[in-house]
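Quick note: the coordinates plus some simple rules give every number you see, no bench work behind them. Small disclaimer: the values here were computed from a predicted structure and weren't measured. Quick reminder, even Gly has a Cβ in these numbers, built from the backbone with ideal geometry, and neighbours come from all protein chains shown.
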Amino acid sequence: MTTGQAVDSERKEEFAGRMVRVVNDACLGYLCSLGHRTGLFDTMAPLPPSTSVQIAKAADLDERYVREWLGGLTVAGVVEYRPADGTYWLPPEHAASLTRAAGPENMASLLQDLALLGIVEDEVLEAFRNGGGVPYSSYPRFQELQAEETGRVYDVALVDAIVPLAPGLPERLRAGIDALDIGTGQGHAVNLLAQAFPGSRFHGIDISPTGIAAARAEAERLGLDNVRFDVVDTADLSGTYDLITAFDVIHDLARPARTLDAVAAALRDDGVFLMGDISASSNLEENIDHPLGPTLYTFSVFYCMTVSLGEGGAGLGTVWGRQRALQMLADAGFGDIDVEQVEGDILNVYYVARK
């Protein structure tokens, strides 16, 4: 506090109360992550009021840990407790935001990222002091978590809601075209499209051999013969395509401008570039009321920005924003750009770009 600066005692107390809520909610986030990973939320959702012994048995978990976890969720108001018979209950209104059955509405899945970010805090602190960034190799389970998070959206919306954002694209895919997905991760989006549009040919690329191996394994399990996956740097594309997609990847890249140039060069004259990225503004003041504002900036500091900077890259960050995205697309040679959103998706915006 600056010497001589007047202090509004009411404002001070209000903010102190907020920080107490921050501590409690941060800790609750870890408990909810455990609830997701252990399957406890999924187990409890269909159960009537049950004891910790009954819940632990149903979930095949240690009762003592389950009981303590239930205590935390009870005092947080997530789980209801009946002292008379020592039973716990997960209301269906709460389960609607916590279980795998909730699909894109499942917020507990997103909370797994908290533990992952905590792992790299010391490395991020070092980058604050000395510049640079944290390497991708420091993030165990990142692709697994990213695949789970995006998969919940793609399973519901990719074919029926996202692809139709580009007029005529579903019809072209049914007729048969060549499509490329850059930064494909574990390839789930590509495999979904390959299933839905067997007449088209799909290619997914990523710099992660582990991700590409997972993508190939899923394609094999699904018996897909119209898709292939390769380990390739997104900035070094070859071949030409009728459709190129990039889902939540451009802002992570070390060389995003070079990648967008490569996309434009690889896109055929009548081709479409469908880019999904974070729905936010490039202007900080316009993000103050964003429902996930603090989350986006936190993910940027702890992953998106720092990984790019760790490769000596641009460090666009998670919240590079619509204005900068439009400018970079224009600079890459895209003259026809529509910005679209899918109803109910507060996280992403979709750019339908043509040269």
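Which residue fluctuates the most in the chain, going by a Gaussian network model with Cα springs under 10 Å, if the choices are Thr234, Thr184, Thr51?
Maximum among the listed residues: Thr51.
Principal axis extents for the chain, Cα atoms only, whole Å, descending order, please.
In descending order, the Cα extents are 70, 62, 34 Å.
List the trypsin sites (Lys or Arg not before Pro) in segment 225-308 that DSSP assigns to loop (not H, G, I, E or B) and whose Cβ has at most 10 other Cβ atoms within 10 Å. Which are they?
Listed in order of number, the matching sites amount to none.
Report P(r) for segment 72-194: all Cα-Cα distances, bin width 10 Å, range 0 to the bin holding the largest distance, values in whole percent.
Percent of Cα pairs in each bin: 10, 26, 25, 23, 12, 3, 0.
Report the charge-dipole magnitude of the chain in Debye, nearest 20, computed about the Cα centre from +1 at each Lys and Arg Cβ and -1 at each Asp and Glu Cβ.
The calculation lands at about 320 debye.
Taking the Cα-to-Cβ direction at Glu286 and at Gln323 and moving 7 Å from each Cα, how far apart do the two end points lie in nm?
With each label point 7 Å from Cα toward Cβ, the separation is 0.6 nm.
Quick one: helix 209-222 against the long Cα principal axis of the chain, what's the angle to the nearest 10°, folded into 0 to 90?
Between the helix axis and the principal axis of the chain, the angle is about 90 degrees.
Nearest-5 percent of antiparallel DSSP beta bridges in the chain?
Percent antiparallel among DSSP bridges in the chain is about 45.
Which of Pro92, Pro104, Pro83 moves the most in a Gaussian network model of the chain with Cα springs under 10 Å?
Pro83
Going by the alpha-carbon gyration tensor, a ≥ b ≥ c the square roots of its eigenvalues, is segment 260-355 rounded (a/c under 1.5) or, if a/c is not under 1.5, prolate (a/b greater than b/c) versus oblate?
In terms of gyration-tensor shape, oblate.
Among Val190, Val231, Val22, determine the one that fluctuates most according to a GNM of the chain built with springs between C-alpha atoms less than 10 Å apart.
Fluctuation is largest for Val22.
Determine the principal axes of the Cα atoms in segment 303-355, then give the extent along each, sorted from largest to smallest and rounded to whole angstroms.
Extents along the principal axes: 32, 31, 13 Å.
Under the classification rounded if a/c is under 1.5, otherwise prolate if a/b is larger than b/c and oblate if not, where does segment 250-316 fall, given a ≥ b ≥ c as square roots of the Cα gyration tensor eigenvalues?
oblate
Determine the distance separating the Cα centre of segment 239-278 from the Cα centre of segment 279-346; give it in Å without decimals.
Here the two parts' Cα centres lie 15 Å apart.
Just to confirm the number: angle between the C-alpha axis of helix 9-37 and the first principal axis of the chain, 0 to 90 degrees, nearest 10?
70 degrees
Projected area of segment 173-280, taken from the Cα convex hull and averaged over every viewing direction, in nm²?
Across all orientations, segment 173-280 yields a mean hull projection of 6.6 nm².
Take the alpha-carbon positions of segment 9-100, form their convex hull, and give its projected area averaged over all directions (one quarter of the hull surface) in nm².
Working: hull surface 27.4 nm².
Orientation-averaged projected area of the Cα hull: 6.8 nm².
Can you compute the modelled spin-label distance between Leu114 and Glu343, with each label point 7 Å from Cα toward Cβ, in nm?
Label at Leu114, label at Glu343, 3.3 nm between them.
Can you tell me the orientation of helix 63-75 relative to the chain, as the angle in degrees between its alpha-carbon axis and the longest Cα principal axis, to the nearest 10?
90 degrees
Could you list Trp89, Trp320 in order of exposure, starting from the residue whose Cβ has the fewest other Cβ atoms within 10 Å?
In increasing order of surrounding Cβ atoms, one gets Trp89, Trp320.
Along Cα→Cβ, 7 Å out, is where each label goes; now give me the distance between the ones at Ile207 and Glu171 in nm to one decimal.
Reported label-point gap for Ile207 and Glu171 is 4.0 nm.
Cut-off 14 Å, label point 7 angstrom out along Cα-to-Cβ of Asp155: give me the residues of segment 81-118 whose amide nitrogen falls inside.
Once the point is set 7 Å along Cα→Cβ of Asp155, 98-110 turn out to lie under 14 Å by backbone N, inside segment 81-118.
Express in nm, to one decimal, how much length is gained between Glu80 and Asp336 on full extension, taking 0.36 nm for each residue of separation and deducting their alpha carbon distance. Don't skip to the answer; put the middle values down first.
Values: separation 256, 0.36 × 256 = 92.16 nm, distance 5.29 nm.
Taking Glu80 through Asp336 to full extension adds about 86.9 nm, to one decimal.
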